[in-house]
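A short worksheet on the structure shown next.
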Amino acid sequence: MTIALYPGSFDPVTRGHMDIVERAASLFEQVIMAVAINPNKPKAFEAIERQRLVEQSVKHLPNVSVTHYEGLTVEFAKTCGATVMIRGLRAVSDFEYECAMSQMNRTLHPELQTVFLMAGLEYQFLSSRMAREVALLGGDVSKLVEPHVEAALKATCNRK
Ligand code: ADP
C-alpha cells in the first residue's frame, strides 16, 4: 500500500488544495494531509483551527486522513511510512521554490518521491494569502474556499 503525504500550511485550506488532494486520493491508497506547525512563521489561523478546517473539507474522502506535525517534513514522512510526497504546482510561481525543496528533501531522504500535480486551471492564481486578503477587504471568496472556510475567514476578519 502506498501512503502519500500532502504537507502544507493550509492557512486556510482553499479549493486549490482540495483539487490536489482529491486527485491524489484517486491515485494513492492512502493520503495523509498534514498541517505544518512552524513556530517561527506566524499564521493567520492557529494550527488546531487549520487542521479542523481541513478535516471538515476531506470528510467525503475515505482514504484521506488529517494530522499536524512540527519539524522536518521528511522526518515526519518516515514516521508515517509515506513513500510519496504530494505537492501542487501553480503556473510559474511555485516552480523554483518547489524544485529547490524537492532536491533538498531528496538529499535528506532519497527513498521519498515527490510527486507534483499541476494546479487546476481555475486555481492557478489562488493562494491562502489571496483568499485571506479578499476576505479582509469584504470580497466574495465563495469561489476560492468552501463555505465552512469562508465562515472561519469572516470570523477572523470580524475579530480584527
Ligand atoms: P506551504 O507553506 O507548504 O507552501 P501551502 O498551504 O501554501 O503550504 O501549500 C501547500 C501545497 O499546496 C504546496 O505544494 C502548494 O504549491 C500547493 N498549493 C497551494 N495553493 C494551490 C492551488 N491553488 N492549486 C494547487 N496547489 C496549490
Residues in the range 109-143 that are open to solvent by 80 Å² or more (accessible area, probe 1.4 Å) and under 22 Å from GLU75 (Cα atoms) total 2
Restricting the range 23-42 to residues that are surrounded by 18 or more Cβ atoms within 10 Å (Cβ to Cβ) and within 11 Å of the ligand (Cβ to nearest atom), which is farthest from the chain's Cα centre (by Cα)?
ALA24
State all residues of the range 76-118 that are among the hydroxyl-bearing types (Ser, Thr, Tyr), in a loop (DSSP other than H, G, I, E, B) and away from the ligand (no atom under 12 Å from the Cβ); if no residue qualifies, say none.
THR83
Can we say VAL58 is buried (at least 19 other Cβ atoms within 10 Å of the Cβ) and more than 14 Å from the chain's Cα centre (by Cα)?
no
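For the range 119-151: of the residues being more than 15 Å from the ligand (Cβ to nearest atom) and among the aliphatic types (A, V, I, L, M), which is farthest from LYS59 (Cα to Cα)? Spell out how you get there, then give the answer.
Quick first cut of the range 119-151, residues more than 15 Å from the ligand (Cβ to nearest atom) only: 135-140, 142, 147-148, 150-151.
Now restrict to residues that are among the aliphatic types (A, V, I, L, M): 135-137, 151.
Numbers: ALA135: 24, LEU136: 27, LEU137: 30, ALA151: 17 Å.
Per the stated criteria, the residue is LEU137.
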Can you list residue pairs whose Cβ atoms sit under 7 Å apart, with the first residue in the range 133-160 being in contact (Cβ under 8 Å) with a residue 12 or more places away in the chain and the second being in a loop (DSSP other than H, G, I, E, B) and open to solvent by 30 Å² or more (accessible area, probe 1.4 Å)? Count only pairs 6 or more apart in sequence or on different chains.
GLU150/SER142; THR156/ALA44
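The values are calculated or read from the model by the stated rules, or taken from the named source; none is laboratory data. Predicted model, so just to flag it, every value in this text is computed and none were measured. In this analysis, Cβ positions are derived from the backbone assuming ideal geometry, glycine residues included, and neighbour counts consider all displayed protein chains. Side chains included, ligands, DNA and RNA excluded: accessible areas come from the protein's heavy atoms. Shrake-Rupley method; radii C 1.70, N 1.55, O 1.52, S 1.80 Å.
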